[in-house]
Amino acid sequence: MGLRNWALRKSPWILHFNTGSCNGCDIELVATLTPRYDIERFGMYLRGSPRHADILLVTGPVTRQVRDRIVRIYNQMPFPKSVVAIGSCCMSGGVFSNCGKGPCYNVYAGLDQLIPVNAYIPGCPPKPEAIIDGVAKLLESMKATKRKEGTPDEPAQ
Amino acid sequence: MDWALGLVSLLVFPGFALMIALSFLYEWYDRKLYAGIQMRRGPLYTGPMGILQPFADFIKLMSKEDLTPRHADRRVFNSVPVIMVALMLTALTMIPVTGASGLLSFSGDIVFAIVAMTFFCVLVFLAGFSSMSRYSIIGAERAVLQLLGFEIPLMLSMVGACIFSGSVTISGIVAQQSGLWNLIGPPLLGFAIFLIAAQAELERVPFDMPEAEQEIVAGWLTEYSGRKLALIRLARNLELIFIAGLAAALYLGGPLGPSTDALAPVLFPLYFIAKTLFVILLLAFMKSIFARVRIDQMVSFAWRYLIPLSLVQIMITLIWRAL
């Protein structure tokens with residue numbers, strides 16, 4: 001188990017998904033990928049395909065329109081997988097969380113209403129340093145927790 | 001004891017174990033160079049200077065869940081990664097590492113080398129086609145298009161080296177270069193063509209349309225995950241060694257170099273590694289200074305410039321031989 005856990009922590013391949021963001025968090029995430037921050041130091045790779053990815057980075061408020069897509073993307077990723085919610089909107093609905101009574105009619109109150117989330121990165125938008133720090137803390141937390149592997153995915157609704 | 005020695009040399013040195021270890025080392029070297037040219041550090045925290053990064057990637061992918069899409073052609077989809085690794089390990093036995101000839105050497109083994117590269121492309125097509133995903137099929141089609149464009153200049157450049165050395169065995173070509181490398185002479189043009197075509201063969205950056213991440217997700221690799229992806233990545237790294245080793249054997253004198261009889265078993269593999277690292281340096285440099293070309297640019301470049309150039313190269317070589 002030690003070797004597998006080590007490999008998992010040392011080679012996190014990421015997938016970026018935008019659930020309706022204003023592009024603020026996306027630009028910060030793209031800045032994180034630039035040579036200045038060079039996340040390949042940690043072995044991170046941005047992959048295009050959810051089949052290759054280990055960590056799903058989600059930005060933006062989760063709209064009702066995108067619900068089916070985000071759940072499908074999550075289900076397409078192989079175990080073990082993690083999800084990181086980036087930015088206030090993705091964590092709780094952000095400015096859309098209290099339009100009148102309760103959350104906005106077309107926005108969920110956070111990504112964790114739909115799929116399990118392993119780490120939250122607050123900020124509007126979070127800085128690239130914060131994103132790297134959040135993912136690094138997620139990887140650190142993988143050291144301790146025993147992850148269920150090969151368990152069938154619950155259809156998250 | 002003869003068969004035991006043969007088995008050790010096939011499985012351990014200079015056979016499968018060495019090649020797999022080198023494939024991890026070369027991927028790390030390639031990534032570090034690529035990062036360095038982009039003013040980055042590259043893999044840094046996995047082992048000393050990130051040298052274990054490809055190994056960690058491999059172990060991680062091996063331990064991940066293995067998915068097969070519902071509509072995929074199960075048998076082909078699952079067998080392609082294994083066949084890819086087997087094909088490349090077989091082809092690598094022809095590459096000379098410890099002396100003038102590889103583990104296997106027979107008349108016309110250079111033809112087998114060409115066949116192995118072509119067959120690899122066919123496997124890529126099968127991989128993409130059996131996934132039954134639209135991105136995979138587009139990627140597979142592009143891979144075949146690339147095969148049609150770049151396989152011919154690759155073969156012609158190798159033919160140039162064969163004509164110059166007057167041999168169709170890799171060991172013969174290497175032995176002929178014990179004095180002067182083929183690189184110093186008319187095959188220099190062939191070497192340049194070989195490198196460009198090899199870049200396309202390996203689907204690296206100026207010619208990475210088959211897996212263009214920004215257009216078609218991950219191309220023919222899209223549906224592969226876990227163990228199968230690990231094997232495909234391993235096979236592609238082995239192909240990198242194979243092509244670098246072939247370039248070293250055809251143009252850079254293979255593993256031969258200044259040494260004594262006693263030191264040869266140690267020095268020749270080191271020469272081999274040094275020469276293949278030099279070839280990968282050139283390939284990585286090409287990868288980092290170019291952007292991806294369009295498909296029509298790729299086809300017209302291959303057919304309008306590269307193939308005529310490789311014919312010219314053969315002509316120059318023939319005239320040189322006749323004089």
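The values are calculated or read from the model by the stated rules, or taken from the named source; none is laboratory data. On a predicted model such as this, the values are computed, not experimentally measured, just so you know. Virtual Cβ from ideal backbone geometry, glycine too; neighbours counted across all protein chains shown.
Assorted remarks:
- Residue in the range B:84-100 that is touching a residue at least 12 places away in the same chain (Cβ under 8 Å) and within 14 Å of chain A (Cβ to nearest Cβ) present: no
- The residues of the range B:175-229 that are in contact with a helix residue (DSSP H, G or I) (Cβ under 7 Å, 6 or more places away or on another chain), over 27 Å from B:Gly99 (Cβ atoms) and among the acidic types (Asp, Glu), listed by number, are B:Glu203, B:Glu211, B:Glu223.
- One residue stands out in the range B:287-318 among those that are of a type in the set (Lys, Arg) and touching a Pro at 6+ places or on another chain (Cβ under 9 Å): the one that is farthest from B:Leu145 (Cα to Cα), namely B:Lys287.
- Qualifying residue in the range B:168-176 (condition: in a helix (DSSP H, G or I) and closer than 18 Å to B:Ile216 by Cα): no
- Hits in the range A:24-37 (condition: within 12 Å of chain B (Cβ to nearest Cβ) and among the β-branched types (Val, Ile, Thr)): A:Thr34
So that you can scan it fast, the table gives a plain yes or no per residue for (1) modelled with pLDDT of 85 or more; (2) small (Gly, Ala, Ser); (3) not in a loop (DSSP other than H, G, I, E, B):
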{"residue": "B:Ala247", "(1), (2), (3)": "yes, yes, yes"}
{"residue": "B:Ala274", "(1), (2), (3)": "yes, yes, yes"}
{"residue": "B:Leu282", "(1), (2), (3)": "yes, no, yes"}
{"residue": "B:Ser288", "(1), (2), (3)": "yes, yes, yes"}
{"residue": "B:Val293", "(1), (2), (3)": "yes, no, no"}
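- Subset of the range B:86-101 that is aliphatic (A, V, I, L, M), under 14 Å from the mean Cα position of the chain (by Cα) and closer than 14 Å to B:Ile170 by Cβ - its residue that is surrounded by the fewest Cβ atoms within 10 Å (Cβ to Cβ): B:Met94
- Candidate set: the range B:179-196, residues that are part of a loop (DSSP other than H, G, I, E, B) and at negative phi; chosen: the one surrounded by the most Cβ atoms within 10 Å (Cβ to Cβ): B:Asn182
- Sub-7 Å Cβ pairs linking a first residue in the range B:43-69 that is more than 8 Å from every other protein chain (Cβ to nearest Cβ) and surrounded by fewer than 22 Cβ atoms within 10 Å (Cβ to Cβ) to a second residue that is among the polar types (S, T, N, Q) and assigned to a helix (DSSP H, G or I), at least 6 apart or interchain, are B:Thr68/B:Asn78; B:Pro69/B:Ser131, ordered by first then second residue.
- Residues of the range A:66-87 classified as among the aromatic types (Phe, Trp, Tyr) and at pLDDT 90 or above, total: 1
- Residue check, B:Leu18 away from every other protein chain (no Cβ under 14 Å), surrounded by 16 or more Cβ atoms within 10 Å (Cβ to Cβ) and within 22 Å of the chain's Cα centre (by Cα): yes
- Positions within the range A:38-65 being modelled with pLDDT of 90 or more and away from chain B (no Cβ under 13 Å), in sequence order: A:Leu56, A:Leu57, A:Val58, A:Thr59
- Out of B:Glu203, B:Glu151, sole residue that is within 18 Å of the chain's Cα centre (by Cα), outside any helix (DSSP H, G or I) and not aromatic (Phe, Trp, Tyr): B:Glu203
- In the range B:21-42, the residues that are surrounded by fewer than 18 Cβ atoms within 10 Å (Cβ to Cβ) and touching a residue at least 24 places away in the same chain (Cβ under 8 Å): B:Leu25, B:Ile37, B:Gln38
- Residue match in the range B:61-81 (condition: over 20 Å from B:Gly226 (Cβ atoms) and either part of a helix (DSSP H, G or I) or of a type in the set (D, E, K, R) (or both)): no
- Count - residues of the range B:172-219 that are without any contact (Cβ under 8 Å) to a residue 12 or more places away in the chain and within 14 Å of chain A (Cβ to nearest Cβ): 3
- Residues that are in contact with an Asp or Glu (Cβ under 8 Å, 6 or more places away or on another chain), more than 9 Å from chain A (Cβ to nearest Cβ) and crowded, with 23+ Cβ neighbours inside 10 Å, drawn from the range B:220-238: B:Trp220, B:Lys228, B:Asn237
- For the range A:15-23, the criterion of being facing chain B (nearest Cβ under 8 Å) and buried (at least 21 other Cβ atoms within 10 Å of the Cβ) is met by no residue.
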